[in-house]
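The values are calculated or read from the model by the stated rules, or taken from the named source; none is laboratory data. All values derive from a computational prediction rather than experimental measurement. All Cβ positions, glycine included, derive from the backbone under ideal geometry; neighbour counts span all protein chains shown.
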Amino acid sequence: MRLDLPTAGRVARRWLPVAAWLACSLFTTAQAADDIVVAQIGPFTGLPSPDAPDINTGAKAYFEQVNRSGGINGRKITLFTLDDRFTADGFKAALPQALERKPVALLSPVGSAAMSAVVRENLLDSANLIVVNAVPGADVLRKPGHARLFHVRASDRDQYARMLEHGRTLGVSTVHVLHQDLPIGVQGLAALKELAPGFGYKTIEGSQAQHNDDSLAAAAKATQAAAPQSVIVIGSPRFMADAVKQLREAGYGRSIMALSYLSAPLLVKAAGEAAARGVGIAQTFPNPNGRGLPLQAEFQATMARFAPEAKPYTAFQLEGYLSARVLVEALRRAKGSGPEALADALHAAGELDFGGFRLNFSKGNTGSQWVEMSVVDATGKLRY
C-alpha cells in the first residue's frame, strides 16, 4: 500500500519508540549504586506489533517524572530492557541476566507462552522481585498464578464476558471462535464455552489455526461455513489482524470481535480499512487520547513532557504508565524494597484511585476488572 506523506509521517512516529529502544540497547544504561532498578523483559523483536516498546515508553515517561520530582526518598528509578524475541526460551534465558542487576520488579512481560512457563516452572520462586502486570491476562497466569505476580489489566476472562454481553445487546445468539494454537487461544475457547450459558448462548464452537496463510485461510473458510452471527478471534496481535483479513476474504461480513491486544493501526495495516471497519475490540484501559477522566489528562501531560515524540497515544503506552504508577505506589508505601514488602504494601493499600481508574489488590493479585468495547470506524480509528 502506498502511503501519502501525512500517513507515512504518522507511521514513522508510531515506530519511533522502537527505534529509540534499539538505539539505547547498544549502550549500557548508567546506574548509580543506590538506584531502584526495574527490569522489562519483552518482545522488542520477533513480535510484529509494538507492544513492549509502547509499554516501555509509557513506563519510562512516568519514572522520569518521579525522578525529576526527587525519586523515591531521594533514590532514582532505573529501567532496563532485555529482548526475549517473543519466545518462552528467550524469556527464560533473559531472566537470569536480569536478576544479575538485582531489580526490585519486572514490569509488564508480554507473551502467553513465556508467562505460562514462568508460572508452570515456578521461575519466580527464586527471583527476588515482584512482577507488576503481565500481558496477556490468561487464566493460567491467575489461577493459581503466583504470589509475586500482580495484574494491572483485567483478565482475558473479563474481556470474554464483556464480548458475550456485548453480543447479546446486538441480538447475537451464535458465536464461533477462531483461535491460534497457543495457550491464549486454547484457553480462550475453553473460557468462552464455560461462560456461554450465563449469557444465554447454547454452545460455542471453535476453529484452531497456526499463524500462516494456509492454516488461517482454512480456519476462516470453516468459520464462514458454520455461519455464526459473530466471530471472536483470539491470539497474538498480528494473528488476530490476519484472522480478520482472512475472514473477510472468505466472505464473512458479520460481527467480529477481538481481544484488547489488537491495535486499530495494526488491524488496518494487515487487513485494510474496509475489512477493519466495524470490528469490535475489547479495551482494558480508558481511551489514552480521551478527555473524560483526570487519568487521561495526567497521562497526556506526562507523555507530552517526557515522551513528546509518542503522540498519538496508544493503550499499551497507558498500560506501561499505569504499571509504573502501581510499582511506585508500592515502593512509597512499603517497608523495604524486597518482594514480600512490596506485595504486602499492595495488598494493604486498599483501593488505589488513579484519576478515575481504580485498582484494588486487597482481595488478591488482580487489581482491575474494567473492560469496555470499542469499534473501528470507517477511517480506521477506534471509537470508544
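Listed by first and then second residue, the pairs with beta-carbon distance under 6 Å, at least 6 apart or on different chains, first residue in the stretch 199-221 and within 15 Å of VAL175 (Cα to Cα), second crowded, with 17+ Cβ neighbours inside 10 Å and hydroxyl-bearing (Ser, Thr, Tyr), are SER207/THR223; ALA219/SER207. With respect to being part of a helix (DSSP H, G or I) and closer than 30 Å to GLU329 by Cβ, ALA161 fits the description. The listed residues are GLY145, GLY137, GLY198, and the only one of them that is at pLDDT 95 or above and out of contact with any Pro (no Cβ under 8 Å at 6 or more places or on another chain) turns out to be GLY198.
The residue pairs whose first member lies in the stretch 112-138 and is of a type in the set (Ser, Thr, Tyr), whose second member is part of a loop (DSSP other than H, G, I, E, B) and surrounded by 19 or more Cβ atoms within 10 Å (Cβ to Cβ), and whose beta carbons are closer than 6 Å, counting only pairs six or more residues apart or on different chains, are SER112/PRO136; SER112/ALA138; SER112/LEU182.
Out of everything in the stretch 365-379 that is part of a loop (DSSP other than H, G, I, E, B) and within 20 Å of the chain's Cα centre (by Cα), what residue ends up being nearest to LYS335 (Cα to Cα)? Even if it seems obvious, please write down each step before you answer.
So the first thing to find is which residues in the stretch 365-379 are part of a loop (DSSP other than H, G, I, E, B), and the list is 365, 367-371, 377-379.
If we keep only those that are within 20 Å of the chain's Cα centre (by Cα) as well, we get 365, 367-371.
Values: ASN365: 19, GLY367: 21, SER368: 25, GLN369: 28, TRP370: 30, VAL371: 33 Å.
Out of the qualifying residues, it is ASN365.
Within the group ALA315, ALA324, which residue is in the same structural domain as ALA59 (by TED's automatic domain parsing), surrounded by 19 or more Cβ atoms within 10 Å (Cβ to Cβ) and farther than 16 Å from GLN65 by Cα?
None of the others qualify; the one that does is ALA315.
Among the residues of the stretch 172-186, those identified as touching a residue at least 24 places away in the same chain (Cβ under 8 Å) and either more than 16 Å from ALA282 (Cβ to Cβ) or among the charged types (D, E, K, R) (or both) are SER173, THR174, HIS176, GLN180, ASP181, LEU182, PRO183. Quickly run through the stretch 164-211 and pick out the residues that are under 23 Å from the mean Cα position of the chain (by Cα) and in a strand (DSSP E or B). Residues satisfying the conditions are VAL177, LEU178, HIS179, GLN180, GLN208, ALA209. Any residue in the stretch 328-338 that is among the hydroxyl-bearing types (Ser, Thr, Tyr) and either modelled with pLDDT of 95 or more or under 23 Å from LEU141 (Cβ atoms) (or both)? No, the stretch 328-338 contains no residue that is among the hydroxyl-bearing types (Ser, Thr, Tyr) and either modelled with pLDDT of 95 or more or under 23 Å from LEU141 (Cβ atoms) (or both).
Scanning the stretch 100-140 for residues that are out of contact with any strand residue (DSSP E or B) (no Cβ under 7 Å at 6 or more places or on another chain) and within 21 Å of VAL326 (Cα to Cα), we see that the one that is surrounded by the fewest Cβ atoms within 10 Å (Cβ to Cβ) is ASN128.
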